[in-house]
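Encoded as structure tokens, the structure appears first; notes follow it.
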Amino acid sequence: MLRSQPLIPGAENYTVLIKNSVSFSRFGEDKYHKNNMPNGICIYKKHKPSTHLCPIFKLGDIVELAGGNFSKIAIKGGVISIQITWNCDLDWNFDEYCLPKYNFRVLDNTGWNFRHAHYHEESRRTLIKVTI
């Protein structure tokens, strides 16, 4: 039986806390360590630039930032990749310039069928397949 309604109505407003950190312990145990909450706990709002560093995202915003359709994913399911990039140049002010950048990408929106390859070196990879 195919579903035509979302499994959880209103899920686009549910939030996710993405918590991570970066550390350059070779240059000092505590000197170059930072988490992704420079502004504390706050919620990302897509039309408010001052919140681009907030670690809490609404599911609907994540899917939109990934270029997906939340209405479709809410019915069939899907897989979203979250990539966090820390581009830190230790020659610059660490606290001011070492900040996370979030990128989201729809990996699968046809249900719960997902493949991802991690390439280690030439002619070698780990392939992850998930089918539910």
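The values are calculated or read from the model by the stated rules, or taken from the named source; none is laboratory data. Everything numeric in this text was worked out from a predicted model, so none of it was measured. In this analysis, Cβ positions are derived from the backbone assuming ideal geometry, glycine residues included, and neighbour counts consider all displayed protein chains. We work out accessible area using only protein heavy atoms, side chains counted, and drop any ligands, DNA or RNA first. Shrake-Rupley method; radii C 1.70, N 1.55, O 1.52, S 1.80 Å.
For the residues 28, 10, the requirement of being at positive phi and at pLDDT 85 or above singles out 10. Return a yes/no flag: does region 48-68 have any residue that is among the basic types (Lys, Arg), open to solvent by 60 Å² or more (accessible area, probe 1.4 Å) and farther than 17 Å from residue 19 by Cβ. Checking region 48-68: at least one residue is among the basic types (Lys, Arg), open to solvent by 60 Å² or more (accessible area, probe 1.4 Å) and farther than 17 Å from residue 19 by Cβ. Condition first: acidic (Asp, Glu), without any contact (Cβ under 8 Å) to a residue 24 or more places away in the chain and not in a loop (DSSP other than H, G, I, E, B). Now tell me which residues in region 62-103 satisfy that. Hits for region 62-103 are 64, 96. Restricting attention to region 90-132, and to residues there that are modelled with pLDDT under 75 and in contact with a helix residue (DSSP H, G or I) (Cβ under 8 Å, 6 or more places away or on another chain), which single residue is least open to solvent (accessible area, probe 1.4 Å)? Looking at the filtered set, the residue picked out is 111. Between residues in region 8-19 that are under 11 Å from residue 42 (Cα atoms) and residues that are aliphatic (A, V, I, L, M) and assigned to a loop (DSSP other than H, G, I, E, B), which pairs lie under 8 Å by C-beta distance while being six or more apart or on different chains? Qualifying pairs under 8 Å: 17/41.
Kindly indicate the residue of region 3-38 that is touching a Ser or Thr at 6+ places or on another chain (Cβ under 8 Å) and assigned to a loop (DSSP other than H, G, I, E, B) and also surrounded by the most Cβ atoms within 10 Å (Cβ to Cβ) among those meeting that condition. It comes out as 36.
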